[in-house]
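Just so it is clear, none of the values below were taken in a lab; they were calculated from the coordinates. As the structure is a prediction and not an experimental result, all values here were calculated from the model. Note that we place each Cβ from the backbone using ideal geometry, even for glycine, and neighbour counts take in every protein chain shown.
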Ligand code: BEZ
């Protein structure tokens with residue numbers, strides 16, 4: 001069990017699936033120093049919005065199983081990638097995230113958080129720069145109690161099903 005890294009900030013746009021996918025919204029900060037000490041959250045890291053595995057396999061079960069996460073005491077799910085918050089807002093709408101703020105799609109700009117915990121992924125050879133690896137972690141009142149990083153690009157240990165089994 002380790003302390004969540006201090007001074008970690010994400011940015012996100014509050015959006016709903018019914019919003020026009022072309023409406024940009026205003027990015028707001030998600031300050032982990034302020035938010036996490038009072039919450040149990042699941043942070044889901046992925047290499048990129050709209051990429052095939054993230055979009056088809058990894059993230060949708062977190063949306064469809066939102067009620068199961070809530071039933072296990074989770075206050076919020078935060079999906080993070082290195083994309084900017086406008087792209088993440090469009091991805092959230094495209095995935096029909098109708099969780100009313102329970103699941104937010106937030107930008108880990110420049111993969112700063114992923115780098116802090118050694119979960120960055122170098123995709124420069126694919127022209128995608130440095131990204132976040134695929135992972136999921138449970139942070140309970142600022143303590144990382146579960147952390148699962150994939151060893152390849154597939155979805156196994158970081159799946160919604162596996163994380164639910166650890167809660
Ligand atoms: C994916 O399918 O999730 C993916 C594709 C290319 C790069 C990274 C991730």
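Compute the FRET efficiency between residue 161 and residue 38 as 1/(1 + (r/R0)^6), taking r as their Cβ-Cβ distance and R0 = 35 Å, and round to the nearest 0.05. Before the final figure, lay out the partial values.
Values: r = 27 Å, r/R0 = 0.77.
Given R0 = 35 Å and the Cβ-Cβ separation, E is 0.80.
Please order 150, 68, 3, 35 by the number of other Cβ within 10 Å, starting at the fewest. Could you put the intermediate results ahead of the total?
Working: 150 22, 68 15, 3 9, 35 19.
Sorted ascending by nearby Cβ count, the order is 3, 68, 35, 150.
Apply the a/c threshold of 1.5 to the C-alpha gyration tensor of the range 1-144 and tell me whether it is rounded, prolate or oblate. Rounded shape, in that the Cα axes give a/c under 1.5. How much of the DSSP beta bridge set in the chain is antiparallel, as a percent to the nearest 5? That works out to approximately 70 percent antiparallel. Full extension of the segment from residue 50 to residue 145, taken as 0.36 nm per residue of separation minus the current Cα-Cα distance, would add 31.3 nm.
Each part gets one Cα centre, and for the range 114-167 versus the range 23-57 those centres are 12 Å apart.
Taking 26, 144, 43 in turn, the Gaussian network model of the chain (Cα-Cα springs below 10 Å) assigns the largest fluctuation to 26.
Neighbour counting of Cβ atoms within 10 Å sorts the residues 145, 59, 41, fewest neighbours leading, into 145, 41, 59. Looking at the square roots a ≥ b ≥ c of the eigenvalues of the Cα gyration tensor of the range 60-103, which shape do they give, rounded for a/c under 1.5, prolate if a/b is larger than b/c, or oblate? Cα axes put the range 60-103 in the prolate bin.
In a GNM of the chain with a 10 Å cut-off on Cα contacts, which of 89, 125, 15 has the highest mean-square fluctuation? In the Gaussian network model the winner is 125.
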